[in-house]
Amino acid sequence: MKKIVLIEDDADLYALIQYNLEKEGFTVAGSQSGKGALELCRRERPDLVLLDIMLPDSDGLDICKGIRAHPDLSQIPVIFLTARAAETDRIVGLELGANDYIVKPFFVRELIARIKIHFRGQQPATKLLKAGELELDRPRCQVRRAGQEIALTATEFRLLEFLMSRPGVVFSREQLLDAVWGHDRAVTDRTVDVYVLRLRQKIESAGGVSYIRSVRGFGYSFNIEAAVAQSS
């Protein structure tokens, strides 16, 4: 079931779109405010974002730029819903990274048809990530080593999932904070070091495989030599 985040300040239009999307079998999460939109997307991990441009407390263009700049959200399709019909507005919206631009008023059936177009040919997300004896089960939010479940906190799980799904890529502490903790945070770079240490203590055994690499002066990456991701 595909999940869609809807950011639209018009209460009537929000309700109309939500009703029709759920009728089509989509799951809808959203807000009638732009505040916290990036955090909402990071938390919900949607398959697509419907985004109004003219929000009372935010600019939808800025939100789109934030989505495209976020390492964990950058590939999510974004469709603008807006009353701005000028050609220049369309061009700006598409150049900022929107996948589609729909001008109000519009037919809901057309909106749903366009949404379905963006889902055609999409590959399902890998459910099970594996690296040696280490397994991360996304649907169950479980991590196992050699078949034994490892107890992780929600934040530890998100951090491991983020690194494990991108083996070999080096991320700075700032990038990891944005991806795992979000932009609205009250933590420091040192927090990443603490959580990486805790993860290592839980998933690595003495003399065994080193799953998380420290790259001096840069940050951390998941050991590509240990990483063999596969679907289940």
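Give the accessible surface of the chain per residue, rounded to a whole number of Å², with probe radius 1.4 Å and ligands, DNA and RNA excluded.
With the other protein chains kept in place, the chain gives 52 Å² per residue.
Can you give the Rg to Rh ratio of segment 88-153, both from alpha-carbon atoms, with Rh computed by the Kirkwood formula?
On the way: Rg = 20.3 Å, Rh = 15.9 Å.
Radius of gyration over Kirkwood radius for segment 88-153 works out to 1.28.
With the cut-off at 20 Å, report for segment 48-129 the share of all Cα pairs above it, as a whole percent.
37 percent
Rg and Dmax of segment 22-61 over Cα atoms: what are they, in angstrom?
Over segment 22-61's Cα set, Rg and Dmax evaluate to 10.9, 30 Å.
Kirkwood Rh, Cα Rg: Rg to Rh for segment 90-200?
1.10
Using only the alpha carbons, work out the radius of gyration and Dmax of the chain in angstrom.
19.7, 63
For residue 20 and residue 218 in the same chain, what is the full-extension length gain: residue separation times 0.36 nm, less their Cα-Cα distance, in nm?
Once the chain is fully extended between residue 20 and residue 218, it gains 66.6 nm.
Excluding residues fewer than 8 places away in the same chain, name every one of the lysines whose C-alpha is closer than 27 Å to that of residue 202.
Within reach: 127, 130.
For segment 108-181, give the magnitude of the charge dipole about the Cα centre (Cβ charges: +1 Lys/Arg, -1 Asp/Glu; no others), in debye to the nearest 20.
Roughly 420 debye, rounded to the nearest 20.
Calculate what fraction, in whole %, of the accessible area of the chain sits on carbon and sulfur atoms when a 1.4 Å probe is rolled over the protein chains.
On the way: 5970 of 12170 Å².
Its accessible area is 49 percent carbon and sulfur atoms.
Got a sec? What order do 218, 157 fall in by accessible area at 1.4 Å, biggest, i.e. largest, first?
218, 157
Can you tell me which of 9-15, 74-80 comes out highest on packing, and rank the rest after it, using the mean Cβ neighbours within 10 Å?
With the highest mean Cβ count within 10 Å placed first, the list reads 74-80, 9-15.
Direction-averaged shadow area of the convex hull around the Cα atoms of segment 164-224, nm²?
With the hull built on Cα positions only, its mean projection is 4.3 nm².
Give me the extension gain from residue 43 to residue 193: residue separation times 0.36 nm, minus the current Cα-Cα distance, reported in nm with one decimal.
On the way: separation 150, 0.36 × 150 = 54.00 nm, distance 2.19 nm.
Result for the pair: 51.8 nm of gain on full extension.
Using packing as a proxy for protection, rank 52-65, 138-151, 23-36 so that the peptide with the highest average count of other Cβ atoms within 10 Å comes first.
Listed from highest to lowest mean packing, they are 52-65, 23-36, 138-151.
The values are calculated or read from the model by the stated rules, or taken from the named source; none is laboratory data. Computed from a prediction, not measured in an experiment: that's the story for all the values here. Note: ideal-geometry Cβ built from the backbone for every residue, glycine included; neighbour counts use all protein chains shown. These area figures cover heavy atoms from the full protein model, side chains too; ligands, DNA and RNA do not enter into them. Shrake-Rupley method; radii C 1.70, N 1.55, O 1.52, S 1.80 Å.
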